[in-house]
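Read through the structure below, which is laid out as C-alpha cells, and then see the notes.
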Amino acid sequence: MSLMKRLGKVAPAPVTGKKGEAAPEPPVPEKTPPAEEELFQTGLKSRILQQIIEDLETELARKDAKGKEKEAAEAKRQEFMQRETLTVRVDEIVGKILEAEGTFVPAAGRQKIVEEMLDEVLGFGPIQPLLDDPTVSEVMVNGPHKVYVERKGKLVLSKVRFRDHEHVMHVIEKIVAPIGRRIDESMPMVDARLPDGSRVNAIIPPLALTGPTITIRKFSKDPLQVADLVRFGSLSPEMAKLLEACVRSRLNVVVSGGTGSGKTTTLNVLSSFIPDDERIVTIEDAAELQLRQEHVITLETRPANIEGKGAITMRDLVKNSLRMRPDRIVVGEVRSGEALDMLQAMNTGHDGSLTTGHANTPRDMLARLETMVLMAGMDLPVRAIREQTASAIDLIVQQSRLKDGSRKITHITEVLGMEGDTIVLQDIFVFEQTGLDENKRVVGQFKATGIRPKFMSRLEVANINLPADIFARR
C-alpha cells in the first residue's frame, strides 16, 4: 500500500451531518487538546521524534540491505530525505502515535507538530523557523527555555523553546559536525557557520553555567549594497562616494566598532568596490564574507584536533596569503598577533587591504593594534609599532550601534602619520547626534568637517575625481 493511502487512514477528521439528513454514527468524545507546554512535559514530541528516527533508520537499512551499489544506496537516501517524501512519512507516524496514546490534536496543531519534526530531522530544530525568518538578524539561545532574537536592532524574547539541555546540545552537534568541528568538555566552545554562511558561536557547560548557549549572526541571502546602507541611514551619499573612491584607489582601510555594530556588513560593502579583475584572498575564523567578485580565494582557520595538534591560526593564514599573489587581502577581523603580519603586508606592496577590529573610537583602534602587535611575541619598541601602523593604515571607518538599535558610521578618519610619538588623525566625516524623537529614535546628521584629506592626490593618480564640494562644511 502506498504512503498516501496509508496516510489517509490516520486520524480522520470528525464528520457532522447536515440538516434533514440522517445523523452519522456518534463520534468518539473529543479530548481536550493538550497545551504546547503539556506536550513538552509529557514527552509526546520526544516519543514522536524517536519513532521517526527509528523508522527512518529501518527504512534506510532495508534499502541498503539489497546489495546495491553504494552510489545507488546514497541516491535513494537523498531521495528519501526530500522534504516532500518525509512530510508524508512524518505525518503518518504522528497520526499513529497520537491514536495509540489516545491524544487528540486538532488539524492545525497536528500540522505544527509535523513541521517541528521536519525541522528536527532536516533543519536545526526549534530555531529553524527563526533562521528562515528574514526579519530576524540574530538568534541567541540562552539555555533551553530562553531564546532571544534581534529584530530591527532590538532584542526580543521569542516563544521558541527546547525540550531540555540535551536538545540544545543535539542542535549544536548538528551545526558543528558537518564542518569538521567538535564541542565537548575538553573543548567547550566553538566557532562555526551554517550552510548559508551565518556565523555561529556555541559554548557549553562547565563554562556556560545556564546551559548550552548558541549565538547565531544571520546574513541575508542577498548581501546589502551601499545604496541599502544609505537608505537605512547608516551613512550619507557623500560618505559612500568617498569610501568607494578610497577602495578603488587602493587605500588600506580598517573598519572599527563594537560587537554587533555592523562591521562585517560594512566590510562586505567596501569589498564590493574592489574591481572584478583583481585577485582577492579573504581570511576568517568562520567564513562569512559574501564577496560577489569572480576571483576570490576564501581561507578559514582550523582548530586543534582532539590531541591538541593541527591548529591553523589567523596568523598562519595571513603569512600564507602573501605567497598566493594577492591583489587584495581581506581579513575578517584582527584579534591577536596576525595584526603584525597584516601591517607588514600593507607596508610591503599589498595596498588596498581591508580588515576590521573591535574598538569604540578610531584612536582606540590604534591602541588596540599596538596591543595586538605585541601579542605576536615580537619585542618591538612602541614607537616602531606606531610608525608601522601610521605608514600602513590610511583610513579608519568607525561603526557604532546606537541606543535605538540603529547602526551608523560615526567617523571616517584619515591617518596622517607621526608627530613626535603620537599618530596624528583627522576626521573627514562625523555623525553628530542632536537628540531623540518621540519614538526614542536617534536624531542627528552626517557632517563633513571641511578638511580635504591628504590622500586626495592618490585618488587623482588613480583617475578618480570626487565632486569639489564633497568635503565642504554644511
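The values are calculated or read from the model by the stated rules, or taken from the named source; none is laboratory data. On a predicted model such as this, the values are computed, not experimentally measured, just so you know. Here Cβ is always computed from backbone atoms with ideal geometry, including for glycine, and neighbour counts include all displayed protein chains. Remember, those area values only see protein heavy atoms, side chains included, never the ligands or the DNA or RNA. Shrake-Rupley method; radii C 1.70, N 1.55, O 1.52, S 1.80 Å.
Those residues that are in a loop (DSSP other than H, G, I, E, B) and open to solvent by 10 Å² or more (accessible area, probe 1.4 Å), I need them from the stretch 384-410; list them, please.
Asp394, Leu402, Lys403, Asp404, Ser406
What strands (runs of 3 or more DSSP E) completely inside the stretch 233-307 contain at least 2 residues that are open to solvent by less than 30 Å² (accessible area, probe 1.4 Å)?
Strands (runs of 3 or more DSSP E) meeting the threshold: 253-257, 280-284.
Can you list the strands (runs of 3 or more DSSP E) found entirely within the stretch 162-228 that contain at least 3 residues being open to solvent by less than 30 Å² (accessible area, probe 1.4 Å)?
Fully inside the stretch 162-228 and qualifying: 213-217.
Yes/no matrix, rows are residues, columns are (1) in contact with a Pro (Cβ under 8 Å, 6 or more places away or on another chain); (2) at pLDDT 95 or above; (3) loosely packed, with under 12 Cβ neighbours inside 10 Å:
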residue	(1), (2), (3)
Leu425	yes, yes, no
Glu460	no, no, no
Ala468	no, no, yes
Arg473	no, no, yes
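Is it fair to say Pro144 is touching a residue at least 12 places away in the same chain (Cβ under 8 Å), assigned to a helix (DSSP H, G or I) and open to solvent by less than 60 Å² (accessible area, probe 1.4 Å)?
Working: touching a residue at least 12 places away in the same chain (Cβ under 8 Å): yes; assigned to a helix (DSSP H, G or I): no; open to solvent by less than 60 Å² (accessible area, probe 1.4 Å): yes.
Spelling it out, it is not the case that Pro144 is touching a residue at least 12 places away in the same chain (Cβ under 8 Å), assigned to a helix (DSSP H, G or I) and open to solvent by less than 60 Å² (accessible area, probe 1.4 Å).
Where in the stretch 42-107 are there helices (runs of 4 or more DSSP H), lying fully within it, with 1 or more residues that are loosely packed, with under 12 Cβ neighbours inside 10 Å and at pLDDT 75 or above?
Passing ranges, in order: 44-64, 83-100.
Which pairs have Cβ atoms under 6 Å, sit 6 or more apart or on different chains, and link a residue in the stretch 154-174 that is among the acidic types (Asp, Glu) to one that is open to solvent by less than 60 Å² (accessible area, probe 1.4 Å)?
Pairs that qualify, where the first residue is among the acidic types (Asp, Glu) and the partner is open to solvent by less than 60 Å² (accessible area, probe 1.4 Å), are Asp164/Pro144.
Could you run through the stretch 364-376 and say how many residues are closer than 30 Å to Gln445 by Cβ and open to solvent by 30 Å² or more (accessible area, probe 1.4 Å)?
Total satisfying the criteria: 3.
If you scan the stretch 431-458, which residues turn out to be farther than 22 Å from Phe273 by Cβ, surrounded by 13 or more Cβ atoms within 10 Å (Cβ to Cβ) and under 33 Å from the mean Cα position of the chain (by Cα)? Outline the logic, then answer.
First, pick out the residues of the stretch 431-458 that are farther than 22 Å from Phe273 by Cβ: 432-445, 447, 449-451.
Checking which are surrounded by 13 or more Cβ atoms within 10 Å (Cβ to Cβ) leaves us with 433, 436, 441-442, 444, 447, 449, 451.
Selection gives Gln433, Leu436, Arg441, Val442, Gly444, Lys447.
In the stretch 411-423, how many are open to solvent by 20 Å² or more (accessible area, probe 1.4 Å) and either within 28 Å of the chain's Cα centre (by Cα) or polar (S, T, N, Q) (or both)? Write out each step before concluding.
Within the stretch 411-423, the first condition is being open to solvent by 20 Å² or more (accessible area, probe 1.4 Å), and the residues that meet it are 411, 416, 418-422.
Still in the running and either within 28 Å of the chain's Cα centre (by Cα) or polar (S, T, N, Q) (or both): 411, 422.
The qualifying residues number 2.
Given the conditions (1) closer than 21 Å to Asp316 by Cα; (2) open to solvent by 60 Å² or more (accessible area, probe 1.4 Å); (3) touching a residue at least 12 places away in the same chain (Cβ under 8 Å); (4) not in a helix (DSSP H, G or I), report the number of the one that Asp379 does not fulfil.
With (1) closer than 21 Å to Asp316 by Cα; (2) open to solvent by 60 Å² or more (accessible area, probe 1.4 Å); (3) touching a residue at least 12 places away in the same chain (Cβ under 8 Å); (4) not in a helix (DSSP H, G or I) applied to Asp379, the lone miss is (3).
Select from the stretch 130-141 the residues that are in contact (Cβ under 8 Å) with a residue 40 or more places away in the chain and either of a type in the set (A, V, I, L, M) or open to solvent by 50 Å² or more (accessible area, probe 1.4 Å) (or both) and list them in ascending order.
If the condition is that a residue be in contact (Cβ under 8 Å) with a residue 40 or more places away in the chain and either of a type in the set (A, V, I, L, M) or open to solvent by 50 Å² or more (accessible area, probe 1.4 Å) (or both), then Leu131, Pro134, Val136, Val139, Met140, Val141 are the ones that fit.
Filter the stretch 314-352 down to the residues that are small (Gly, Ala, Ser), buried (at least 17 other Cβ atoms within 10 Å of the Cβ) and in contact (Cβ under 8 Å) with a residue 40 or more places away in the chain and list them by number.
So in the stretch 314-352, the residues small (Gly, Ala, Ser) come out as 321, 332, 336-337, 339, 345, 349, 352.
Then keep just the ones that are buried (at least 17 other Cβ atoms within 10 Å of the Cβ); that gives 321, 332, 337, 339, 345, 352.
Answer for the stretch 314-352, where residues must be small (Gly, Ala, Ser), buried (at least 17 other Cβ atoms within 10 Å of the Cβ) and in contact (Cβ under 8 Å) with a residue 40 or more places away in the chain: Ser321, Gly332, Gly337, Gly352.
Just give me the residues in the stretch 286-322 being of a type outside the set (A, V, I, L, M), closer than 30 Å to Phe232 by Cβ and touching a helix residue (DSSP H, G or I) at 6+ places or on another chain (Cβ under 7 Å), in sequence order.
Those that are of a type outside the set (A, V, I, L, M), closer than 30 Å to Phe232 by Cβ and touching a helix residue (DSSP H, G or I) at 6+ places or on another chain (Cβ under 7 Å): Glu288, Gln290.
In this structure, does Ala227 turn out to be of a type in the set (Gly, Ala, Ser) and touching a residue at least 40 places away in the same chain (Cβ under 8 Å)?
Values: of a type in the set (Gly, Ala, Ser): yes; touching a residue at least 40 places away in the same chain (Cβ under 8 Å): no.
No; evaluated as a whole, the condition is false for this residue.
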